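The values are calculated or read from the model by the stated rules, or taken from the named source; none is laboratory data. Quick caveat: nothing in here was measured; it's all calculated off a predicted structure. A quick note on method: Cβ atoms are made from the backbone with ideal geometry, for glycine too, and the neighbour counts reach across all protein chains shown. We work out accessible area using only protein heavy atoms, side chains counted, and drop any ligands, DNA or RNA first. Shrake-Rupley method; radii C 1.70, N 1.55, O 1.52, S 1.80 Å.
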Amino acid sequence: MHGRRRQQEREPTQDELQQAKQRVDRYRTLNSHVMDLKATSVSTNDALDATKRLLEQNTELHTVWNYRRTIFTSLDEWQCQDTRQEMLDGELKFLLGIITKNIKSYWMWNHRMWALSSLPRPEWQRELGLVAKLLALDARNYHGWDYRRFVVAQLKDAATDKHEVDTQEFAFTTEQINHDCANHSAWHNRSKLLPEILAQRDEDGQLEVLQTENDLILNAIYTDPDDQNAWLYYDWLLDIQKSDEDRSRLLRNKIAAIREL
Amino acid sequence: MTMFGTNQLLVDKHVEFIQNLDKKQDGLEYWMTEHLRVSGIYWGLVALFLLDRPQALDHEQIISYVRGCQNADGGFGGHTHHDSHLLYTMSSVQILSMLNALDQIDGKKVTKYVLSLQQTNKQTNGQTIVCGDVWGEHDTRFAFIAMAVLSFFNTQDQLDTNGIVEYIRGAMNYDGGFGSKPGGESHAAQVYTCVAALAVAGRLDVVDRDRLSGWLAERQLLCGGMNGRPQKLEDVCYAWWVGSALDILRRRHWISAEKLVEFVVSAQDEKGGIADRPGDVADVYHTCFGIAGLSLVRYPGLNEVDPVYCMPRSVVRRLGLHKWQDKVPESWSQ
């Protein structure tokens, strides 16, 4: 539905029409087959296989993802931790195989979250690595960042040192911004972490953090003064200052920046 | 408004395009979008109603089909025998209300379904989550849908509105925008759902009006089109997501209507339908939201669209749902 160029149309050949019809027939047959199985609540490995083949062609079939999850949880192997781990590891591999073609599919991401949440031994650090790779391909991917926040929340839950998780995530946003100061998704994530980072520090530590923040924003402003995001972030930074002293220092910096531009 | 050329919108072609949608059964795309058929019908119907050609599709056929999409749990799937989801429940209720057939379904059943997706026992920070279906995904879209759907049946008081408002407040960001959930990046479509939800709840006081209006106005690019987030491509559907939010905020004048019209009109396919941007393949989704976006800026010849419900104002008024306007903060003015 998005980003497909109109092409000059010519009449399709008989061959092309025939091939198109066969593609439609094959898809419809598989779809009907899966929906029939679902209607009679079939929970077998064959049913799993059929849903997999259908979902590979169309990740938007949320009803089929639902059915697939239902089959998983009905199988005997689900009841045992080790076999469940195996099943879901396989599921994650399957999802990894289709992720790059369907990076914007809500249903596919939901299914991944379900798989990880159902794993006896989920590897959240590995997931973090995976998301980092995806964001390297598409730094603004909305689902990717949402998913990253989900993974970080799990890591934080399981962590003994929750502050450390925030610090590392904060560092990730710094990395992203240094790579591209127009990465608003990274700035946004940063805005959620900064209050936590500040809360961890004493007064001197807070000043240090704010100075870094100031420098980072100024760098973004000088790189592209028309980028409204840096100005918005600056405004917000002013808003969250608890003391008038801090606020006026930041304001003076902002005015100096405007003068320089 | 004489600044827009009145011949530019290819009304007949778009009507034909919508009528022909159900005939494209030779194409794989028709079958691969079956799961959202109900929403496809809603998009087509809104476009037709705003183009003032409501009879261009068979109402009885549509009503019968949509009723067939209701499941035992009271919710609606995107197609017959598909699992219930709030997205398709919303589209179904919108369709039936436009076709004056809302009384053909049991509002209590739908209310029960929607309430079952509200997670009152999972409150953190006083926030009440609404899931899209039984599988647990939560999103500000679903918070809006819950409130909007129940308002059709006048049962919205059964929701934990305060908790839902807190969830939406939690999704507000430093730029004044709203994300998909607390922590989510600001995105124009999510801004619409949050602002519309707050409008239904009578809680537009939550919004940072100036900051958000500024952020929304910045969505308009030099070509006249709008994007959904900074530095993303322009896309016709944002004429709706951005325009409707600005309309509710009483800041429609913060964007150039003239340039927007130019952009949307240039994204038409001369054979019918509107695409996401000029030169791309048209589809019913962009046809709907392009026309709705044009209606918001009062493009001549179009019926007025309600910026909260994305349905004709006449329908919204008939259902008594226009009362959200009375709850807009008094200090706001167009």
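On full extension, the segment bounded by A:Ala20 and A:Gln8 gains 2.5 nm, given 0.36 nm per residue less the C-alpha separation.
As a length-normalised measure over Cα pairs under 8 Å and 6 or more apart, the relative contact order of chain A settles at 9 percent.
Within the set of other residues whose C-beta is less than 10 Å from the C-beta of A:Val24, count the net charge using Lys and Arg as +1 and Asp and Glu as -1. All intermediate terms of the calculation are to be shown ahead of the outcome.
Details: positive: A:Lys21, A:Arg23, A:Arg26, A:Arg28; negative: A:Asp25, B:Asp26, B:Glu29.
Taking every other residue near A:Val24 into account, the sum is +1.
Taking 51 Å as R0, compute the FRET efficiency from the Cβ-Cβ separation of A:Tyr222 and A:Thr40 and round it to 0.05. Don't skip to the end; give the middle numbers.
Details: r = 65 Å, r/R0 = 1.28.
That pair, A:Tyr222 with A:Thr40, gives E of 0.20.
Element breakdown for region B:186-334 at a 1.4 angstrom probe: carbon and sulfur atoms account for 48% of the accessible area. Only residues of region B:23-46 count here: report those whose backbone N is under 17 Å from the spot 7 Å along Cα→Cβ of A:Phe94, or say none. No residue qualifies, since no backbone N sits under 17 Å from the label point.
For chain B, pairs of C-alpha atoms spaced more than 25 angstrom apart make up 49 percent of the total.
Run through every distinct alpha carbon pair of chain A and return the Kirkwood hydrodynamic radius in angstroms, one decimal place.
Working: mean 1/r = 0.0450 Å⁻¹.
Taking the inverse mean of 1/r over all distinct Cα pairs, chain A comes out at 22.2 Å.
The residues of region B:171-195 occluded by other protein chains by 50 Å² or more of accessible area, set against the chain on its own, are B:Tyr174, B:Gly183, B:Glu185; surface from heavy atoms, 1.4 Å probe.
Using the heavy atoms of the protein chains alone and a 1.4 angstrom probe, what is the accessible area of region A:103-247 per residue in square angstrom?
Values: 6680 Å² over 145 residues.
Result: 46 Å² per residue.
The trypsin sites (Lys or Arg not before Pro) of region B:183-224 include none that meets both criteria, a DSSP state outside H, G, I, E and B (loop) and at most 10 other C-beta atoms within 10 angstrom of the site's C-beta.
Please state the relative contact order of chain B as a whole percent: Cα pairs under 8 Å, 6+ residues apart? Provide the component values of the computation, followed by the final result.
Numbers: 583 pairs, mean separation 58.9, N = 334.
So the answer I get is 18 percent.
Which of these, A:Ile217, A:Ile71, A:Ile240, has the largest mean-square fluctuation under a Gaussian network model of chain A (Cα springs below 10 Å)? Checking each option, the largest mean-square fluctuation is seen for A:Ile240. Loop-located trypsin sites (Lys or Arg not before Pro) across region A:4-67 with a Cβ neighbour count of 16 or fewer within 10 Å are A:Arg4, A:Arg6, A:Arg10, with loop assigned by DSSP. The figure for A:Asp157 is an accessible area of roughly 120 square angstrom, using a 1.4 Å probe on the protein chains alone.
Could you work out, residue by residue across A:62-69, how many beta carbons of other chains sit within 10 Å of that residue's beta carbon, and then give the average as an integer? Intermediate results must be reported in sequence, preceding the final value.
Values: counts 13, 10, 3, 2, 7, 1, 0, 1.
Other-chain Cβ atoms within 10 Å of each residue's Cβ, averaged: 5.
With helices as the sole contributors, chain B gives -13000 deg cm²/dmol at 222 nm; each DSSP H run of n ≥ 4 counts as -39500 (n - 2.57), and the sum is divided by every residue.
The GNM of chain B, with springs linking C-alpha atoms under 10 angstrom apart, assigns the highest mean-square fluctuation among B:Lys109, B:Lys23, B:Lys259 to B:Lys23. Using a probe of 1.4 Å, the accessible surface attributed to B:His79 totals some 30 Å² when neighbouring protein chains are kept in position. Accessible area ranking (1.4 Å probe, heavy atoms, ligands and nucleic acids excluded), largest first, for B:Val308, B:Val281: B:Val281, B:Val308.
How many percent of the accessible area of region A:139-250 is carbon or sulfur, using a 1.4 Å probe? Let's see the in-between values first.
On the way: 2470 of 5140 Å².
Within region A:139-250, the accessible surface is 48 percent carbon and sulfur.
Chains B and A: buried accessible surface, both sides, probe 1.4 Å, rounded to 100 Å²? Walk me through the intermediate numbers first.
Details: alone 14380 and 16310 Å², together 26240 Å².
Summing both sides, the interface buries roughly 4500 Å².
Couplings 3J(HN,Hα) of region B:148-161, computed from phi: 5, 4, 5, 5, 4, 9, 6, 10, 5, 5, 7, 8, 7, 4 Hz, in residue order, whole Hz [Karplus 6.51 cos²θ - 1.76 cosθ + 1.60, θ = phi - 60°; x for Gly and Pro].
Backbone phi angles across region B:226-234, fed through the Karplus curve with coefficients 6.51, -1.76 and 1.60 (θ = phi - 60°), yield HN-Hα couplings of 10, 10, x, 8, x, 6, 9, 6, 5 Hz in residue order; Gly and Pro are listed as x. For region B:1-124, which whole percent of the accessible surface, found with a 1.4 angstrom probe, sits on carbon and sulfur atoms? The value for region B:1-124 is 49 percent carbon and sulfur by accessible area.
Stretch A:Ser117-A:Glu245 to full length: gain in nm at 0.36 nm per residue minus the Cα-Cα span?
Values: separation 128, 0.36 × 128 = 46.08 nm, distance 4.60 nm.
Extra length from A:Ser117 to A:Glu245 when fully extended: 41.5 nm.
Here the Gaussian network model covers chain B, with springs between Cα atoms less than 10 Å apart; of B:Asp12, B:Asp26, B:Asp210, B:Asp26 fluctuates the most. At a threshold of 50 Å², the residues of region A:1-49 that become less accessible to a 1.4 Å probe in the full protein assembly than in their chain on its own are A:Met1, A:His2, A:Arg4, A:Arg5, A:Arg6, A:Val24, A:Tyr27, A:Arg28.
Where does the longest stretch of chain B lie that holds no GluC sites (Glu not before Pro) found in a DSSP loop with 12 or fewer other Cβ atoms within 10 Å?
Values: sites that count: B:Glu270, B:Glu330.
The answer is B:1-269.
In straight-distance terms, cross-link reach from B:Lys13 covers every one of the lysines whose alpha-carbon lies under 25 Å from its own, apart from those fewer than eight places away in the same chain; here that gives B:Lys23, B:Lys24, B:Lys259, B:Lys271. Here the Karplus relation 6.51 cos²θ - 1.76 cosθ + 1.60, evaluated at θ = phi - 60°, turns the backbone of region B:208-218 into coupling constants of 8, 4, 5, 4, 5, 4, x, 4, 5, 4, 6 Hz, with x for every Gly and Pro.
Restricting to Cα atoms and excluding each atom paired with itself, what does the Kirkwood estimate give for region B:183-334 in Å? Please list the in-between numbers first.
Details: mean 1/r = 0.0645 Å⁻¹.
One decimal place: 15.5 Å for the Kirkwood radius.
Cα-based values for region A:97-189, radius of gyration first and Dmax second, are 13.3, 39 Å. For a straight C-alpha distance cut-off of 28 angstrom, the lysines reachable from A:Lys242 (same-chain residues fewer than eight places away being disregarded) are A:Lys156, A:Lys162, A:Lys192, A:Lys254, B:Lys181. Solvent-accessible surface of chain B, taken per residue with a 1.4 Å probe and all protein chains present: 37 Å².
Each Lys or Arg adds one and each Asp or Glu subtracts one; over the other residues with Cβ under 10 Å from the Cβ of B:Phe289, this totals -2.
How large is the Kirkwood hydrodynamic radius of the protein assembly as shown, in angstrom, based on all distinct alpha carbon pairs? Show your work: numbers first, answer last.
Values: mean 1/r = 0.0390 Å⁻¹.
Here the Kirkwood hydrodynamic radius works out to 25.6 Å.
So what's the net charge close to A:Arg4: Lys and Arg +1, Asp and Glu -1, counting the other residues with Cβ under 12 Å from its Cβ? Mind showing how you got there, number by number?
Values: positive: A:Arg5, A:Arg6, B:Arg277; negative: B:Glu29, B:Asp269, B:Asp276, B:Asp280, B:Asp283.
With Lys, Arg at +1 and Asp, Glu at -1, the net is -2.
What percentage of all Cα-Cα pairs in region B:84-145 are separated by more than 16 Å? For region B:84-145, the fraction of Cα-Cα distances above 16 Å is 46 percent. Compared with the rule-of-thumb size 2.2 N^0.38 Å for a compact globular protein, region A:25-66 has a Cα radius of gyration ratio of 1.02.
Computed with a 1.4 Å probe on the full set of protein chains, the accessible area for A:Val152 sits at about 20 Å². With 10 Å² as the minimum drop in accessible area between chain alone and full protein complex (1.4 Å probe), the qualifying residues in region B:221-267 are B:Arg229, B:Pro230, B:Gln231, B:Lys232, B:Asp235.
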